[in-house]
Amino acid sequence: MRAGRVVSVEAPGRRSAGLLIGGRVVLTSAGAASAVGDEVTVRPASSGRPFTGVVTWRGSAALVRVDDPAWMAVGGPAPVFGRLVTGRPNLPAETGKLTGSLTADGDRLLLDVEGAPGAAVFGHDLLVGVVADNSEVIPVGALCREPGFVAAAGGPALWPVELAEAQLTEPDQPRSPIGLLRAGARVVGFRGRHELMDELGAWCSGAGFAALLLHGPAGQGKSRIGHELAGRLTAGGWATLWLDETAPDVVVAAVADVVAPLLIVVDAAESRPEQLRALLQACARHDGARPLRVLMLARTAGDWWRLLRSDAVAERLLDGATVAELPPLDDDGFYPAAVRALAAALPHVPGYAVHNWPAVAERLAAEPRETGGSALTVLTQALADLLDTIWPGPSTAARKAPEDRVLAHEQRYWSFTAAWHGLALDEPAQQDVLAVAALFGPTGPDQADRLLSGVPALAGQPRELRDAVRAWLADLYPGAGGRPWGTLQPERLAERFAGRRLAESPVLPEPLIPVVTESQRRRMLTVYARAAGLAASLTDLCVRNADRLTQATVETAISVARPEPLLTALQRISADPDVPVERLGLIADRLPRLSPLAMEIAQRIADRHRRSGRMPELALALNNLSIRLGDLGRHGPALAAIEEAVLIHRRLAAEAPELFESELARSLGNLSVRLGELEQPGPALTAAEESAGFYRRLAERDPGTYLPELAKALMSVSLGFGALEEFPHALAAIEESVAIYGHLAGQRPDTFLPDLAASLSVLGISLGSLDRDEQSRMAAEEAAAIRRQLAEQRPDAHLPGLAAALTDLAVRHAVLGEKPPALSAIEEALTIRHQLAEKSPTLFAADLEWSLHVHKVVMEMAS
């Protein structure tokens with residue numbers, strides 16, 4: 001396919017190789033012509049036939065547009081641009097018929113074979129460079145940064161080469177009209193959203209890691225915004241990874257080694273918890289020297305987001321991450337623009353070039369009509385109107401929703417392609433197969449065959465028929481990344497179609513549950529939950545298949561907008577007196593901490609262990625129950641539960657200290673928290689001191705495991721003494737905590753520098769309480785310096801901490817009567833907190849109010 005795009009570019013006294021990169025545009029060396037506007041001759045290597053062209057851009061390379069009317073379009077996908085992003089040496093590469101290895105060296109690419117001037121250089125099937133006239137390789141990433149190149153090249157994407165296996169790929173050309181509705185097709189020019197795009201541009205500025213969650217209903221335009229942002233960043237040489245949901249963790253791990261600006265887009269983030277955790281683990285290992293941005297797109301920002309952030313690594317990275325809700329697109333001119341853009345694109349869909357679509361579009365655009373809803377709804381209405389004008393049918397008269405009208409036309413495509421494949425499947429059988437395809441994307445040929453075997457119309461049929469059906473599906477919607485087939489897109493239309501089919505046959509997916517993966521089960525339940533009128537069927541399905549669907553039911557319940565049928569199923573599953581306690585634990589562990597159902601299940605788990613007499617399990621269950629009760633504000637019952645857990649752990653630790661002392665220390669720490677919530681500072685301090693004592697003995701035996709726990713416990717002890725105004729004891733405890741965290745941060749700075757900064761802030765307060773104001777300021781300065789270093793690497797996670805540290809520092813300067821440095825610190829803190837409060841008013845309003853108070857106090861100081 002690539003060989004058909006190789007050309008030569010000739011001018012008087014000049015000859016270079018070249019590559020057709022899309023449409024009529026050829027990439028070649030700068031030496032192919034002397035200036036923009038020069039006429040050249042382009043000869044495809046496959047035919048040698050000459051065509052006229054003109055140079056449209058010239059810089060470190062050149063772009064030529066073939067303007068000869070005799071030019072014949074070249075089929076197949078256009079090459080995708082790639083950029084080396086990790087600095088790993090000796091990556092496999094090819095140019096022309098030569099193969100070799102490629103290494104990035106700053107803005108140069110080092111290729112160990114010599115290609116012809118103008119020849120394209122590929123790595124992992126991505127176009128990464130072009131050979132210059134001096135035989136050097138010019139990276140396409142560098143070309144993208146040159147003024148005018150991206151626009152002249154047709155707005156190419158720039159993919160990270162070493163992460164190519166993790167890249168989500170989409171069809172280059174639509175095979176049916178519905179493909180024009182995909183966000184990645186970008187049929188309609190980007191409209192509106194100016195303020196949001198400016199904010200996203202600002203979010204991408206600066207080095208280090210940052211994350212942003214953009215959420216809104218399906219069809220609102222989230223994915224389109226992701227594509228627009230990626231396109232704009234391409235002009236700055238950024239690479240973009242649209243993360244494939246099936247990407248192996250070992251490939252995703254390479255994100256840690258990225259040394260070039262990289263945007264990672266995670267679509268449908270709410271349905272990908274395990275992959276997000278793996279991605280964030282890799283991001284945590286990134287050195288922060290270059291920009292690394294993770295843009296998560298989701299329909300909700302609810303329980304799944306809170307649960308994701310409960311993971312230790314995720315909490316550190318996502319603390320302070322921007323969360324933005326995408327409002328509907330308010331654009332009265334969108335329908336006319338959409339109908340005209342679709343009319344221009346429809347001739348490029350196979351079989352649709354014979355109609356005068358522009359004339360139809362002008363007629364539709366001139367007619368008065370009410371259009372409303374999401375951007376995708378308006379776009380779908382425009383496509384339905386165009387198709388109905390040419391092929392009017394029952395769907396038009398019945399005034400069906402635009403989605404159903406478009407799906408009716410898509411059904412013509414299904415039937416025509418089935419006939420072409422010689423498949424004698426009736427319409428219900430076709431729809432069953434397509435619903436299964438929409439519900440479950442198979443991971444490989446064997447699973448594809450098992451899925452098709454579970455469709456009623458294909459059960460017991462010869463393998464040859466299933467193979468023919470698989471070929472039909474692959475022809476309709478080609479699979480990417482080696483998958484047997486893809487699925488109907490956009491996602492909202494696939495869900496609507498599958499939901500309609502499930503309404504007619506609710507048990508259709510049930511025989512397939514044993515042969516699919518957890519992620520596929522989540523997808524099935526997600527489609528079920530989003531479909532109208534299937535609540536009772538969904539609940540019954542989950543309860544009947546509790547042995548296989550419990551985990552997927554919990555994870556789907558926290559990610560969808562309407563989880564009630566799933567929560568009802570979980571209540572019924574957990575209420576079963578014979579349910580295994582492990583299944584109860586599975587439910588409780590994955591539900592959000594503030595869920596009343598999670599608290600009820602935690603109580604059931606404790607009761608089950610109490611009846612069975614399993615004391616270690618009972619103590620752990622009581623500990624968990626105490627946390628759940630405390631989260632719900634039920635502090636009295638929470639205290640009773642943790643007190644019982646401590647009693648049990650004391651007995652167990654007395655019998656087997658090597659097994660249970662650490663559990664006792666943990667329970668005592670939780671007891672201290674619960675007593676503090678009930679304003680019992682004396683008993684709270686006693687529990688904290690005892691916990692620290694156990695951790696001290698444990699750390700002597702196993703410092704690698706327990707030194708961090710000791711440092712944390714000592715901080716609690718210090719705060720406990722401070723609450724009782726026993727400041728010398730508070731100081732002694734926090735000084736030891738700071739010393740331990742300093743030691744740990746020297747060994748593992750990414751993990752323990754935030755803890756060191758937090759302990760230094762407490763040290764500053766303790767010193768100030770003893771009127772040791774100079775030392776207090778020094779501790780505050782050190783805390784602020786660490787927070788600044790962390791914020792430079794990961795602003796989303798650490799800007800709130802920097803603002804807090806600067807406010808503390810301003811207070812320390814003010815105590816010493818140092819107005820100018822106090823004012824400088826508090827003004828910087830206010831700048832940060834105003835920005836944070838603008839993004840998340842509820843979360844940061846109280847912090848902003850405190851900094852404003854400190855600013856007022858500083859301003860009133862005598863100069």
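Quick notes on this one:
- Per residue solvent-accessible surface (Å²) - the chain, probe of 1.4 Å: 42 Å²
- Share of carbon and sulfur in the accessible heavy-atom surface of region 429-503 [1.4 Å probe, %]: 50 percent
- Ordering 55-65, 708-718 by mean Cβ neighbour count within 10 Å, with the highest value first, yields 708-718, 55-65.
- Summary of packing: across the peptides 5-18, 446-459, the per-residue average of other C-beta atoms within 10 Å ranks them, highest first, as 5-18, 446-459.
- Pairs of Cα atoms farther than 19 Å apart, region 601-684, %: 34 percent
- Only Lys, Arg, Asp and Glu carry charge here, each on its Cβ (+1 for the first two, -1 for the last two); on that basis region 1-154 has a dipole of about 300 debye about its Cα centre.
- Equivalent ellipsoid, region 704-831 (semi-axes from 5 times Cα gyration tensor eigenvalues, Å): 23, 20, 10
- Counting only protein chain heavy atoms and rolling a 1.4 Å probe, the accessible areas of TRP238, TRP420 rank, largest first, as TRP420, TRP238.
- Put simply, when 276-285, 115-124, 551-560 are sorted by average Cβ atoms within 10 angstrom per residue, most first, you get 551-560, 115-124, 276-285.
- Of all DSSP bridge pairs formed entirely within the chain, close to 65 percent run antiparallel.
- Normalising the Debye intensity of region 459-569 to I(0), with uniform scatterers on Cα atoms only, and taking log10 at q = 0.11, 0.17, 0.21 Å⁻¹ returns -0.39, -0.89, -1.21.
- All-pairs alpha carbon distance profile, region 751-796, 10 Å steps from 0, percent: 32, 46, 19, 3
- Accessible surface of region 300-362, 1.4 Å probe, proportion on carbon and sulfur as whole %: 52 percent
- Taking amide H atoms as placed 1.01 Å from N in the peptide plane, the amide H of GLY219 has no partner under 5 Å among residues 5 or more positions away or on other chains.
- Length, then width, then depth: along the principal axes, the Cα atoms of region 171-262 run 41, 34, 27 Å.
- Helix 273-284 axis, angle to the chain major axis (alpha carbon atoms, nearest 10°): 80 degrees
- About the Cα centre, charge dipole magnitude for region 467-596 (Lys/Arg +1, Asp/Glu -1 at Cβ), debye: 360 debye
- Helix 334-345 vs. the chain, principal-axis angle (Cα, 0 to 90°, nearest 10): 50 degrees
- Principal-axis tilt of helix 681-701 within the chain, Cα atoms, nearest 10 degrees: 70 degrees
- Positive-end extreme of charge dipole, the chain - chosen from LEU652, GLY82, GLY189 (charges on Cβ): GLY189
- Kirkwood-based shape ratio for region 506-584, expressed as Rg/Rh from alpha carbons: 0.93
- This model, with +1 at the C-beta of Lys and Arg and -1 at the C-beta of Asp and Glu, gives the chain a dipole about its Cα centre of some 2040 debye.
- Length-normalised contact order of the chain in % [C-alpha pairs under 8 Å, at least 6 apart]: 7 percent
- Shape box of region 723-778 [Cα atoms, principal axes, largest first, Å]: 33, 21, 14
- Whole-Hz couplings from phi, Karplus 6.51/-1.76/1.60, listed for region 505-512; x for Gly and Pro: 9, x, 8, 3, x, 4, x, 8
- Charge-dipole axis of region 256-353 as Lys and Arg at +1 and Asp and Glu at -1 on Cβ define it, positive-most pick from MET296, GLN281, GLY333: GLN281
- Across all Cα pairs in region 118-190, the calculated P(r) in 5 Å bins from zero up to the longest distance comes to 3, 13, 18, 20, 19, 14, 8, 3, 1, 0 percent per bin.
- Values of log10 I(q)/I(0), in the order q = 0.14, 0.17, 0.20 Å⁻¹, for region 663-762 under a Debye, Cα-only, solvent-free model: -0.48, -0.71, -0.95
- Taking the C-alpha atoms of the chain, convex hull volume expressed per residue in Å³: 205 Å³
- For the chain, calculated [θ]222 nm from helices alone, where every DSSP H run of n ≥ 4 adds -39500 (n - 2.57): -17500 deg cm²/dmol
- Distance between region 404-434 and region 848-863 - C-alpha centres, whole angstrom: 70 Å
- Ranking THR553, LEU823, ALA494 by Cα position along the charge dipole of the chain, where only Lys, Arg, Asp and Glu carry charges on their C-beta atoms, puts ALA494 farthest toward the positive end.
- 27 Å Cα-Cα reach of LYS222 towards lysines, excluding residues that sit fewer than 8 places from it in its own chain: LYS400, LYS839
The values are calculated or read from the model by the stated rules, or taken from the named source; none is laboratory data. Note that the coordinates shown come from a computational prediction; the quantities given were computed from them, not determined experimentally. Don't worry about glycine lacking a Cβ; one is built from the backbone with ideal geometry, like all the others, and counts go over all protein chains shown. These accessible areas exclude ligands, DNA and RNA; they are computed on the full protein's heavy atoms, side chains included. Shrake-Rupley method; radii C 1.70, N 1.55, O 1.52, S 1.80 Å.
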